[in-house]
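Novice: Next up is a structure, given as C-alpha cells.
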C-alpha cells in the first residue's frame, strides 16, 4: 500500500496530466443540471452572510480547474483557490480573477487559522488519504460564524447493497461500446489484478468497505463546534445514463450528498 505522501503525489501527477480535458471527461459534473444545482445551493448559503458576497473570504479547497470557483466569482465572492495540481490551477487562472495556491503536500499548512468565512470543497475528500484530518483543517481555517460546504460525495444510499437499487442503475445505463476502444481501460483491468483498489484518477475512498462516511464528518465537525445547517441528497446524472433517467428516477435514487456546517461564535 502506498504511503499518504505517495498517494498525494500520485493524485497531483494524474490531475496535472488530465487537467486540459478534465471538464470534458467529467460529464456528471459539467452539465446544465448539476451546474444549476451548485449555483442554487451557493446562492442559498449566502443568507448566512448578511454583509453580502463581497464581504466574504472564500476558500475553494481542491479547486481543480475551477468548478466551484467559477460560481463563487460570478456571485461576487473573492476566492482563494487551492489544489495540489499546479496545472489545474494554471487553467483556472486563465479564466478567473482568483488568487491561487499550490498545496505541495496536500495540507492547508500555512493557511491562517480562522482566515475564511466560506470554506468549500467539491468531489475532493475521496482523493485524500486521511479525509477526517482534512475536515479538521477545514474547521481550523474557517472563521467563527463561517460555513464549511462539502459537495459531491456519495450519500449513504449509494452504498446500500439493495437489489432494487442495482436494478435501477442497470435500467438507466446506456450500452457503452466506446469503452472497448480505449487501451487505458484494458491496462486498468490488468493493474487491478495486482491491486484491486487501483483507480485511474487516484480515487482512494470509493469502495464499499472504505468510503466517505457522512456520520463521521458530522461527528468531527460537531466536536469542532460546528452545526449542520444544510443537507441535500440528490440524484447525480452521469454521461452514461439515458436522457430520461433524471426525470424518471431522481425522486427514488438520491445517491449523492452535499451539506453545509456553520461554526458557532
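Novice: Please build a GNM for the chain, connecting alpha carbons under 10 Å apart, and tell me which residue among 45, 187, 108 fluctuates the most.
Specialist: Of 45, 187, 108, the Gaussian network model singles out 187 as fluctuating most.
Novice: For the range 41-183, what does the alpha-carbon gyration tensor say about shape, rounded, prolate or oblate, given a ≥ b ≥ c as the root eigenvalues, a/c under 1.5 as rounded, and a/b over b/c as prolate? Could you put the intermediate results ahead of the total?
Specialist: On the way: a/c = 1.84, a/b = 1.60, b/c = 1.15.
Judged from the Cα gyration tensor, the range 41-183 comes out prolate (a/c at least 1.5, a/b above b/c).
Novice: Grab the Cα-Cα distance for residue 239 and residue 4, subtract it from 0.36 nm times how many residues apart they are, and report the gain in nm with one decimal.
Specialist: Working: separation 235, 0.36 × 235 = 84.60 nm, distance 3.13 nm.
Roughly 81.5 nm would be gained on extension.
Novice: Right, here's the next one. Assuming R0 = 22 Å, can you tell me the calculated FRET efficiency for the pair residue 24 and residue 95, based on Cβ-Cβ distance, to the nearest 0.05?
Specialist: Details: r = 15 Å, r/R0 = 0.69.
My answer for the efficiency is 0.90.
Novice: If R0 is 25 Å, what FRET efficiency do you get for residue 228 and residue 113 from their C-beta distance, rounded to 0.05? Walk me through the intermediate numbers first.
Specialist: On the way: r = 22 Å, r/R0 = 0.88.
That gives a FRET efficiency of 0.70.
Novice: Could I ask something else about it? Given 0.36 nm per residue, what is the gain on full extension from residue 36 to residue 165 after removing their alpha carbon distance, in nm? Mind dumping the intermediate values first?
Specialist: On the way: separation 129, 0.36 × 129 = 46.44 nm, distance 2.58 nm.
This chain segment gains 43.9 nm when fully extended.
Novice: Still on this structure: Roughly how tilted is helix 183-194, in degrees to the nearest 10 and between 0 and 90, from the longest Cα axis of the chain?
Specialist: On a 0 to 90 degree scale, this one is about 90.
Novice: In addition: Please give the contour-minus-distance gain from residue 203 to residue 48: 0.36 nm per residue of separation, less the Cα-Cα distance, rounded to one decimal in nm. Write out the running numbers ahead of the final one.
Specialist: Details: separation 155, 0.36 × 155 = 55.80 nm, distance 3.26 nm.
Result for the pair: 52.5 nm of gain on full extension.
Novice: Once the Cβ-Cβ distance between residue 265 and residue 104 is put in as r, and R0 is 45 Å, what FRET efficiency do you end up with, to the nearest 0.05?
Specialist: On the way: r = 33 Å, r/R0 = 0.74.
FRET efficiency, residue 265 to residue 104: 0.85.
Novice: If one computes P(r) from the Cα atoms of the chain, what percent of pairs lie at distances over 31 Å? Please report the intermediate quantities before stating the final value.
Specialist: Details: 8611 of 34980 pairs.
I get 25 percent for the Cα pairs in the chain exceeding 31 Å.
Novice: For the range 4-263, what proportion of DSSP beta bridges, expressed in % and rounded to the nearest 5, is antiparallel? Before the final figure, lay out the partial values.
Specialist: On the way: 17 of 35 bridges.
If we restrict to bridges inside the range 4-263, about 50 percent are antiparallel.
Novice: With label points built 7 Å along Cα→Cβ from the Cα atoms of residue 252 and residue 17, find their separation and express it in nm.
Specialist: Label-label distance for residue 252 and residue 17, simple model: 3.9 nm.
Throughout, read-outs are computed from the coordinates displayed, never taken from laboratory work. Quick caveat: nothing in here was measured; it's all calculated off a predicted structure. For neighbour counting, all protein chains shown are included, and Cβ atoms are generated from backbone atoms with ideal geometry for every residue, glycine included.
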